[in-house]
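The structure appears right after this line, and notes come after that.
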Amino acid sequence: MAENRYRHCIALQPEESFYFSNLGISLIKQNKIEEAEENLQHAFSLNNDNPDAITNLGYIAYRKGELEKAKEYYYKAFPGSTDDPENYFGLLHPQYN
């Protein structure tokens with residue numbers, strides 16, 4: 001349901017990063033990881049300060065075992081943080097499954 005609504009919003013406003021990042025999140029929840037990553041990358045290309053896109057790209061990298069890449073995204077989303085990104089993404093993981 002959410003996926004279809006975001007796709008409709010994207011059709012109406014294809015320049016809006018928010019819709020692409022929310023579509024990506026919806027796709028993660030459906031375990032459509034590759035399509036989610038494509039939409040999140042597009043959201044990031046439209047707005048490289050979009051925290052939802054950045055954080056969820058980090059989550060996808062974490063799931064793929066790309067820990068250094070995940071950490072880069074995490075520290076971009078949360079500059080100055082001293083938290084361990086692996087703990088953060090580990091906590092995120094159950095919400096998507």
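The values are calculated or read from the model by the stated rules, or taken from the named source; none is laboratory data. Owing to the predicted nature of the structure, the values given are computational and were not obtained by experimental measurement. For neighbour counting, all protein chains shown are included, and Cβ atoms are generated from backbone atoms with ideal geometry for every residue, glycine included. All accessible areas refer to the heavy atoms of the entire protein, side chains included, with ligands and DNA or RNA removed. Shrake-Rupley method; radii C 1.70, N 1.55, O 1.52, S 1.80 Å.
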For the stretch 67-76, in residue order, the Karplus 3J(HN,Hα) values (coefficients 6.51, -1.76, 1.60; θ = phi - 60°; whole Hz; Gly and Pro = x) are 5, 5, 5, 4, 5, 4, 5, 4, 6, 6
Using Cα pairs closer than 8 Å and at least 6 residues apart in sequence, work out the relative contact order for the chain, in percent. 20
Determine the gain in length on full extension of the stretch residue 82-residue 45; use 0.36 nm per residue of separation and subtract their C-alpha separation, reporting nm with one decimal. 10.7 nm
Taking the 0 to 90 degree range and rounding to the nearest ten, how far is the long axis of helix 17-29 tilted relative to the main principal axis of the chain, both from C-alpha atoms? 70
Could you calculate, for the chain, the ratio of the Cα radius of gyration to the Kirkwood radius, expressed as Rg to Rh? 0.97
If packing is taken as the average number of other Cβ atoms within 10 Å across a peptide's residues, how do 1-14, 53-66, 22-35 rank, most packed first? 53-66, 22-35, 1-14
Contour minus Cα-Cα span, residue 32 to residue 16, at 0.36 nm per residue, comes to 3.6 nm
Would you please calculate the Kirkwood hydrodynamic radius of the stretch 1-52 over all C-alpha pairs and express it in Å, rounded to one decimal? 10.5
C-alpha long axis of helix 51-63 to longest principal axis of the chain, angle in °: 60
Give me the 1.4 Å probe accessible area per residue for the chain, excluding ligands and nucleic acids, in Å². 58
